[in-house]
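Here is the structure we will look at.
The values are calculated or read from the model by the stated rules, or taken from the named source; none is laboratory data. The structure presented is a predicted model; accordingly, all values stated were derived computationally and were not measured. Ideal geometry is used to build each Cβ from the backbone, glycine not excepted, and the neighbour counts take in all protein chains shown.
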Amino acid sequence: MNTQLQESDLNPPTQKAKSAASQSMDTHIQVRNLNAFYGKQQALKDVNIEIPRKQVTVIMGPSGCGKSTLLKTLNRFLELTDGARITGEVLVDEQDIYARDVDVTEVRKRVGLLAQSPSPLPMSIYENVVYGMHIHRMYKDRVAYKKAVKHYLEIAGLWEEVGKRLHDPATSLSIGQQQRLCLARGLAVEPEIILGDEPTSALDPISAQDVEKRLLDLKQQYTIVIVTHTLRQAKRLADYVIYMYLGEVAEAGPAHEVFTNPQHERTRAYLEGQF
Amino acid sequence: MKKHWRRRHIVEAFFKGLMLVSFIVVAGALGLILWTILVKGLPALTWDMVTQAPQGGFYLGKGGGVLNAILGSLYLAGGGTLLALIFSLPIALYLKTYLGDSNWGQYVRLSLDVLWGIPTIVYGVFGFTIMLAIGLRASLLAGIVVLSLVELPIMVRAMDEVIRRMPVDLEQAALALGSTKLEVAMRIVTRQMLPGIITAILLALGRGIGDAASVMFTAGYTDRIPTSLMQPTASLPLAVFFQLGTPYPKVQQRGYASALILTIIVLIISIGSRWISARLNKYTVK
Amino acid sequence: MNRQIQFDNTKPDLEAEGRQSRPSVVARNQQNQLARRTFFAITLLPMVLIAAVTLILLVRSWPILSAYSLKDLFLGSTWRPDEVLFGFWPYIAGTFWVTAVGVLLAVPPCLFTALYLSEYSHSFTRSIAKPILDLLAAIPPVVYGVWGLLAVVPFVEDVLAPLSKRWLSFIPFLAVRQPTGFSIIAGGIVLAVMIAPLIISVVYEILQTVPDELRHASLAVGATQWQTIRQVVIPRVIPGMVAAVVLAASRALGETMAVLMVVGNVAQVPQSIFDAAYPLPALIANNYGDMMSIPLYDAALLCAALILLVVILIFNILSTLVLQRVLGKNQAS
């Protein structure tokens, strides 16, 4: 199997997707000339993509292709790994989040992350949701905070189940509930973008379905970028698709185009289940 | 998203600074200690100091050196470490092979931690009391036995730390070939864990050489180089202590030099153990 | 059709082929069992040792424990062996003061250092921190004592004491009442450096047991690292940190040589950190030689050792139990 990616393979489809997209696309995030390294090892190579506003973008590809790495560059989580660094730019609404004078905590407020395994903070349910709000001092008094907590728990679909026991420890919830709690917690700081790193892979099918449904509802208000390793999930959720292979973007474009008429040989192979 | 100096950033910068300063203070303390000993000890560190035993009037300022203490310490710590090793290795291997995380294993580990925490002066007093009871006089042998008590928990703990990390597959591979558990322990664990075991031994050795309180009453003190196990013997820590206790500046200077000698020995052991374990790690399974 | 497979049941002639005959399985198993029993017996050694040490100290200090009431012994302040008067209180107080000062001085910087190493530093910093801490731990107590004599005592005498006398003399426990630097604070400083590696490494390990996912969860909503540490990491590790401090205190209590050289060895109940003191280990070390001539003197010194042992055992067992549980979760085994 020819694993060498030719230069000529790469540019035309991406360029085509880009030009097709930029004609009609409202770009929320733009990634320019992004290279990412873990020490000496290069994980992302020359990534240039655009992510549309208020749609669900799915990043997919075989394991090890760099999709999680790419996702982490979007909320500046990559730098949490010792020895990781990037060159290039990531522009959110045309502001580079890696610029020198940028406050990284503000970036993370605007770009939220839903992790793969639910990690409730070691506090009560109420305190989990209110955590971010307190940090950013978003409201004036307890009453306002309480209302906000209720609001976000409702959006996450948890209010009915936990409304009466807000002060129970968050660890007493089931895994599916915990993930929804993490969703509420993330939404509570009012991000514009929600990132999901395989957000349902640790959940049972019913909870997974529920989280997927919420994400689809949320796209009316938020730009959503999800990494998934399941082709089926990608097909269910995606409005826009980025397909990655060995650290490079092999193909990017609107979902129905990529799924029905993949331009690149690798994409075709993946879609046909050769991985 | 421009940076505004919000309160949370100021607080973070403050605490981060505090942490950095703390780290520098701790690291600096090491430098300060080594520097002080070096500066004060070097002037009086002569060839005589290292090659001669005290001559008459040594503690009044006359000639001689601390060879009695250097050799005494090496004999004491060497013997003590050897004796401790004889018991430590079986305990560590038994812990790994049979006890694992069982309740009994937890009790044994707890007792070892407790033993580790007992101050060396208590071991010294204990040893001395037993010595009196059986009619033994202050001697090299008594010092060795007490030092081995002091070193035992240090050695076992260090070995245990290392042995616990052994990859399970290695052990299972050996068992699958039909070895008994003893054979696995003796042949495979020791070979795999050799660097760690050697590090543990050297660690205990280093502590043994430096301890004064345990050998104070049990090994006695003498100006002669010991020639038999039943003779009392000097030790470097005590040599330092006694020389510093005199009112003569010249003798005190020699005390500083003796402290420098002791420090150098301990540094050699410490750095040496790192080097050896780095070398031996070539043969281990990662 | 059934084909019987014929096995050739004759044993190969090993010697003819030049191979060694193997020791029988029975022999190997016997060896195994014997070793197992021996090793088991050896494993009892630690517990036996603890019991032996405690018992012997108890037995040998019994004469004095039975001759006087506990109250007279522990709270009495007169120590005149030739008059057979033994009041331990000044020594107990001295031990307490020096240990307390040492622990109080050590804990804040060590906690911060451990936090720095665990939460902020690069692996490069950690790789130089480990040798530094290992070396600090390896330095013999008597060398710490020499450093104390050469650097700390003059520092207290020439810098700290005058400063305190000038600016802080209104605070009772900072009063300067003697001209030398041989004092509790000198002992405390030396002790603090001696127990620092222990505190730092234990607290570091405790911090490492907090899973990264929790830190990420907090950082993902835009918290700063310090906010994450304060609100998520530290609350999880408080029991462990307390245990680490108690463990360090138990080590400080027993340190003999270094403290002896800088603390002044004056038997008085201290009122200020600039006073000299006479901790129990120093009492034992200084007097053990000449105790044989006076009745009950040896029992008194052994009683001092017993007190020390009992307090240290309690601290040690409690803190080790907590730490085993906190750290035990993450041991590879």
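At-a-glance table
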{"read-out": "Those helices (runs of 4 or more DSSP H) lying entirely in the range A:99-212 with at least 2 residues of a type in the set (Lys, Arg) and at pLDDT 90 or above", "value": "A:104-110, A:142-155, A:175-187"}
{"read-out": "Given (1) touching a residue at least 12 places away in the same chain (Cβ under 8 Å); (2) small (Gly, Ala, Ser); (3) in a helix (DSSP H, G or I), number of the condition B:GLY63 does not satisfy", "value": "(3)"}
{"read-out": "Matching residues in the range C:139-185 - criterion: being within 11 Å of another protein chain (Cβ to nearest Cβ), crowded, with 24+ Cβ neighbours inside 10 Å and among the hydrophobic types (A, V, I, L, M, F, W, C)", "value": "C:ILE139, C:VAL142, C:VAL143, C:VAL146, C:TRP147, C:LEU149, C:VAL152"}
{"read-out": "Yes/no for B:TYR256 being in contact (Cβ under 8 Å) with a residue 60 or more places away in the chain and within 13 Å of another protein chain (Cβ to nearest Cβ)", "value": "yes"}
{"read-out": "Residue in the range C:44-57 that is in a helix (DSSP H, G or I), facing chain B (nearest Cβ under 9 Å), among the polar types (S, T, N, Q) and in contact with a helix residue (DSSP H, G or I) (Cβ under 9 Å, 6 or more places away or on another chain) present", "value": "no"}
{"read-out": "Filter result (surrounded by fewer than 24 Cβ atoms within 10 Å (Cβ to Cβ) and touching a residue at least 40 places away in the same chain (Cβ under 8 Å)) within the range B:222-237", "value": "B:THR222, B:ASP223, B:ARG224, B:ILE225, B:PRO226, B:SER228, B:LEU229, B:MET230, B:GLN231, B:PRO232"}
{"read-out": "Of residues in the range C:233-261 being surrounded by fewer than 22 Cβ atoms within 10 Å (Cβ to Cβ) and at the interface with another protein chain (Cβ under 9 Å from one of its Cβ atoms), the one farthest from C:PRO108 (Cα to Cα)", "value": "C:ARG236"}
{"read-out": "Matching entry among B:ARG137, B:ARG157, B:ARG109 (being more than 12 Å from chain C (Cβ to nearest Cβ), in contact (Cβ under 8 Å) with a residue 12 or more places away in the chain and over 14 Å from B:GLY80 (Cβ atoms))", "value": "B:ARG137"}
{"read-out": "In the range C:68-104, residue nearest to the chain's Cα centre (by Cα) [restricted to those that are part of a helix (DSSP H, G or I), of a type in the set (A, V, I, L, M) and surrounded by fewer than 15 Cβ atoms within 10 Å (Cβ to Cβ)]", "value": "C:LEU104"}
{"read-out": "Qualifying residue in the range B:45-54 (condition: without any contact (Cβ under 8 Å) to a residue 24 or more places away in the chain, of a type in the set (A, V, I, L, M), surrounded by fewer than 18 Cβ atoms within 10 Å (Cβ to Cβ) and part of a helix (DSSP H, G or I))", "value": "no"}
{"read-out": "Among (1) within 14 Å of chain C (Cβ to nearest Cβ); (2) crowded, with 19+ Cβ neighbours inside 10 Å, the one test that A:LEU215 misses", "value": "(1)"}
{"read-out": "Matching option when the condition is surrounded by 18 or more Cβ atoms within 10 Å (Cβ to Cβ), within 14 Å of chain C (Cβ to nearest Cβ) and of a type outside the set (Asp, Glu), among B:PHE58, B:PHE87", "value": "B:PHE87"}
{"read-out": "Residues satisfying the stated conditions in the range A:59-93, i.e. more than 28 Å from C:SER118 (Cβ to Cβ) and surrounded by fewer than 17 Cβ atoms within 10 Å (Cβ to Cβ)", "value": "A:PRO62, A:SER63, A:GLY64, A:THR87, A:GLU89, A:ASP93"}
{"read-out": "Residue within the range B:77-84 that is within 14 Å of chain C (Cβ to nearest Cβ), surrounded by fewer than 17 Cβ atoms within 10 Å (Cβ to Cβ) and out of contact with any Phe, Trp or Tyr (no Cβ under 8 Å at 6 or more places or on another chain) present", "value": "no"}
{"read-out": "Qualifying residue in the range A:41-48 (condition: farther than 23 Å from C:GLU119 by Cα, within 10 Å of chain C (Cβ to nearest Cβ) and basic (Lys, Arg))", "value": "no"}
{"read-out": "Total residues in the range C:34-51, condition surrounded by 13 or more Cβ atoms within 10 Å (Cβ to Cβ) and more than 13 Å from B:PRO90 (Cα to Cα)", "value": "3"}
